[in-house]
DNA sequence: CCGGATACGCAACTACAGGTAGCGTAATTA
DNA sequence: TAATTACGCTACCTGTAGTTGCGTATCCGG
């Protein structure tokens, strides 16, 4: 216990890894590339992280953060705001690729699965809040389970943009939000 | 034009590639592994396919095929059948990983994008047919665009199972199909 | 403030995947 | 039958993952 792992070196690695991930995607985030970019020796990186996955996980973990959901006064408005925010984020191909790669790894790697779950949870936060507000306003049928309502609301957008890899149009938002608010309404 | 590329060799490669993809996932489907397993020389593989991606694309292309949608007599029943079929397919982790990896590549590679689009289209076929039948029966509001209705229907399931990487329960199917049929109904 | 512990950086190494080049042999087509 | 050419083999280059050994710089505890 004479010398702890240098936090300065760690920060340099993480910063470089985040840079590579954002610029060139997770695939390009190799140990050697991070070593080159950060100026930290490859061997030192391996002293901090067991393998490349651990490094990427640490880097991405520090990047993800929950968004602030706005209160527009109506369920329809709140949902539109949530969907618009979602659309602007997933408009970046690098983001979608990060999502797809992390998902692919999450299916077999429990560590990635946990990181991935946390990332998806952050996506759920603003939507859940919008639905809770709608419930309080009486715009959502109280017999509907909110967690299921979340999948019901985000499903069309996530399915089209993330899974089918197709852009979500303004018209899509109009149609889907309209259908959804009607379906969730009491009575 | 003395000797065409051997179809026997091609079939051996494709078969080996399909085997590797199903057993160990797309990531494990390397040229060297296919060469080992098929007994075909690495150089020969490169005479048939420009790179590893082309081989994987050819192998997967031959695997995907449209499912036969049943006619249960009602929209609700048809949708349940489509969703149940979907759930049993995506229950396999290797399938979901194939999906995620292909999606990741499709975002940057146009060839993969086309293959991926075709694969997703096969998933749409039975659902589209179910909705067309529902429209003919008068169970679907004719003012609703069917392509958008497709995203509306499959969204919750695809979002939960594929994107969030969470199992779809029987109860989920009950709730979602119920909400969906009501939202699509005329009036 | 000094000495022991140890992280750092460097260089060299193994292993494996992608991909290429040359060559003898075997198959196929004309 | 003869020309053509795919096949398989070996060898090679590149790049990445990950490891090892060693000299040096740095940090902590006494």
(message) Among the residues in the range A:11-21, are any within 14 Å of chain B (Cβ to nearest Cβ), under 29 Å from residue A:166 (Cβ atoms) and within 16 Å of DNA strand C (Cβ to nearest atom)?
(response) no
(request) Go through the range B:111-135 and give me each residue that's under 23 Å from residue B:79 (Cβ atoms) and either under 18 Å from the mean Cα position of the chain (by Cα) or outside any helix (DSSP H, G or I) (or both). (result) B:119, B:120, B:121, B:122, B:123, B:124, B:125, B:126, B:127, B:128, B:129, B:130
(request) Please work out which residue is nearest to DNA strand D (Cβ to nearest atom), limiting yourself to the range A:1-15 and to residues that are without any contact (Cβ under 8 Å) to a residue 40 or more places away in the chain and surrounded by 16 or more Cβ atoms within 10 Å (Cβ to Cβ). (result) A:9
(request) Collect the residues in the range A:16-30 that are buried (at least 18 other Cβ atoms within 10 Å of the Cβ), within 13 Å of DNA strand D (Cβ to nearest atom) and in a helix (DSSP H, G or I), keeping them in residue-number order. (result) A:16, A:17, A:20, A:21, A:26
(request) Go through the range B:136-165 and give me each residue that's in a loop (DSSP other than H, G, I, E, B) and more than 9 Å from chain A (Cβ to nearest Cβ). (result) B:138, B:139, B:140, B:141, B:142, B:143
(message) Quick check on my filter: what residues within the range B:117-128 are more than 7 Å from chain A (Cβ to nearest Cβ) and free of Cβ contacts under 8 Å to residues at least 40 places away in the same chain?
(response) B:117, B:121, B:123, B:124, B:128
(message) within 12 Å of chain A (Cβ to nearest Cβ) and assigned to a loop (DSSP other than H, G, I, E, B): which single residue out of B:94, B:108 fits that description?
(response) B:108
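Condition check ((1) within 16 Å of DNA strand C (Cβ to nearest atom); (2) modelled with pLDDT under 90; (3) surrounded by 15 or more Cβ atoms within 10 Å (Cβ to Cβ)) across all residues:
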{"residue": "A:36", "(1), (2), (3)": "yes, no, no"}
{"residue": "A:44", "(1), (2), (3)": "yes, no, yes"}
{"residue": "A:48", "(1), (2), (3)": "yes, no, yes"}
{"residue": "A:60", "(1), (2), (3)": "no, yes, yes"}
{"residue": "A:66", "(1), (2), (3)": "no, yes, no"}
{"residue": "A:81", "(1), (2), (3)": "no, no, yes"}
{"residue": "A:85", "(1), (2), (3)": "no, no, yes"}
{"residue": "A:100", "(1), (2), (3)": "no, no, yes"}
{"residue": "A:111", "(1), (2), (3)": "no, yes, no"}
(message) Quick check on this structure: which one of A:168, A:175 is over 30 Å from residue A:58 (Cα atoms), in contact with a helix residue (DSSP H, G or I) (Cβ under 6 Å, 6 or more places away or on another chain), within 12 Å of chain B (Cβ to nearest Cβ) and in contact (Cβ under 8 Å) with a residue 40 or more places away in the chain?
(response) A:168
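The values are calculated or read from the model by the stated rules, or taken from the named source; none is laboratory data. Values in this document were obtained by computation on a predicted structure and should not be read as measured data. Quick reminder, even Gly has a Cβ in these numbers, built from the backbone with ideal geometry, and neighbours come from all protein chains shown.
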